[in-house]
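All remarks here apply to the structure that follows.
Every read-out reported here was derived from the displayed coordinates using simple, explicitly stated rules and does not represent laboratory data. Note that the structure is predicted; figures quoted are calculated from it, not measured. Because the Cβ atoms are built from the backbone with ideal geometry, glycine has one as well, and the counts that use them run over all protein chains shown.
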Amino acid sequence: MPEPQPLPVVIVACQVFQDLLEHFLPPDLTDQITFLDYGLHIVPKKLKLTVQEVIDSIDSPSLVVLGYGLCGNGLNGIKAGQHTLLIPRTDDCIAILLGSYQTYQREFKESPGTYWLSKGWLKSGTNPLAEYEKLVETYGEEDANWLMDQQYRHYKRLTLVAHNQADLDEFRPQAQKVADYCGQWGMTYHEILGSEVYVRRLVEIAADLSQADDDFLVIPPGGELSQSQFIRGL
């Protein structure tokens, strides 16, 4: 019997991974790529609806590679439909930018009170300083200060993570402004250079699904992503 033909590959990913994916994707692997706006993760329900709409719009059965983590439960309940889904098994983009779930866990254990900044979050206006400025416009300075204090007073460190030195250099001034604002809670500013490993592995597995390991989830046709699938053993 003839071997079954591999599924066509479709990429649906956050813009935060656009540079990396475009660097590692072989030119003949896929001709259908959708990069979605950074800011969608601010409202997880909107992220879920948008990703699901893109998946549902794909005509023929495909291997849909999701360049996301669980993202605040934004991908909880995503349905594969007629497709097969491939997604990194991470809570959010930080582990992917750091290069592995293990690196993320190490950082979390060493400094659990860390607020993470990334290129995507800075570009989308998702950071404490931007949040404070919006709250002032809506509620006034006194209430904005109280709301921010309730949310951020337990953080100890603010860390900018990027996958290359150029991005660290470019976004450092913006990150330091956020850090200066967060100094009122005693947050210290740090930077960390991430790794391309996780994204490179995602591309390799998209080309050969048999390489999938515990760092990735493969959801068959008719299946559904759930929060529990992202939980790992202690």
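222 nm [θ] for the chain, helices only, -39500 (n - 2.57) per DSSP H run of 4+, per residue, to 500?
On the way: 9 runs with 94 residues, N = 234.
It comes out at -12000 deg cm²/dmol, rounded to the nearest 500.
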*asked:* Skipping prolines and chain starts, which residues have an amide H placed within reach, meaning under 5 Å, of the one on residue 160, given they are 5 or more residues away or on another chain?
replied: 117, 190, 191, 192
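Which of the three applies to segment 142-234, rounded, prolate or oblate, going by the alpha-carbon gyration tensor with a ≥ b ≥ c and a/c under 1.5 meaning rounded?
Details: a/c = 3.26, a/b = 1.73, b/c = 1.88.
Oblate shape, in that a/c is at least 1.5 and b/c is the bigger or equal ratio.
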*With the dipole of segment 101-193 worked out from charges on the C-beta (+1 for Lys and Arg, -1 for Asp and Glu) around the Cα centre, which of 111, 122, 136 lies farthest toward the positive end?*
111
*Tell me, what ³J(HN,Hα) does each residue in segment 111-123 have, in order and in whole Hz, if you take phi through Karplus 6.51 cos²θ - 1.76 cosθ + 1.60 with θ = phi - 60° and put x for Gly and Pro?*
8, x, x, 9, 9, 9, 10, 9, 3, x, 5, 5, 5
*Using θ = phi - 60° and the Karplus relation 6.51 cos²θ - 1.76 cosθ + 1.60, list the HN-Hα couplings for segment 67-83 in order, rounded to whole Hz, with x at every Gly or Pro.*
x, 8, x, 5, 6, x, 6, x, 9, 5, x, 5, 9, 6, x, 7, 9
_Need one word for segment 48-109: rounded, prolate or oblate. Basis is the Cα gyration tensor (sqrt eigenvalues a ≥ b ≥ c); a/c below 1.5 gives rounded, then a/b vs b/c decides._
prolate
*asked:* Test of understanding: in a Gaussian network model of the chain with alpha carbons linked when under 10 Å, which of 112, 27, 61 would top the mean-square fluctuation ranking?
replied: 27
*Can you list the residues, at least 5 places off or on another chain, whose amide H is less than 5 Å from the amide H of residue 224, using H built in the peptide plane?*
80
_For the chain, with +1 on Lys and Arg beta carbons and -1 on Asp and Glu, the positive-most of 23, 36, 193 along the dipole_ = 193
*Any idea what the dipole of the chain comes to, in debye rounded to 20, about its Cα centre with Lys/Arg Cβ at +1 and Asp/Glu Cβ at -1?*
560 debye
_Tail weight of P(r) past 24 Å, computed on alpha-carbon pairs of the chain, percent_ = 48 percent
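Based on the alpha-carbon gyration tensor of segment 101-193 and its eigenvalue square roots a ≥ b ≥ c, which shape applies: rounded if a/c is under 1.5, prolate if not and a/b is larger than b/c, or oblate?
In terms of gyration-tensor shape, oblate.
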*Nearest 5 is fine: what % of DSSP beta bridges in the chain come out antiparallel, could you say?*
15 percent
*asked:* Through the Karplus equation 6.51 cos²θ - 1.76 cosθ + 1.60, θ set to phi - 60°, convert the phi angles of segment 150-160 into ³J(HN,Hα) values in whole Hz; use x for Gly and Pro.
replied: 4, 8, 10, 5, 8, 6, 10, 9, 10, 10, 8
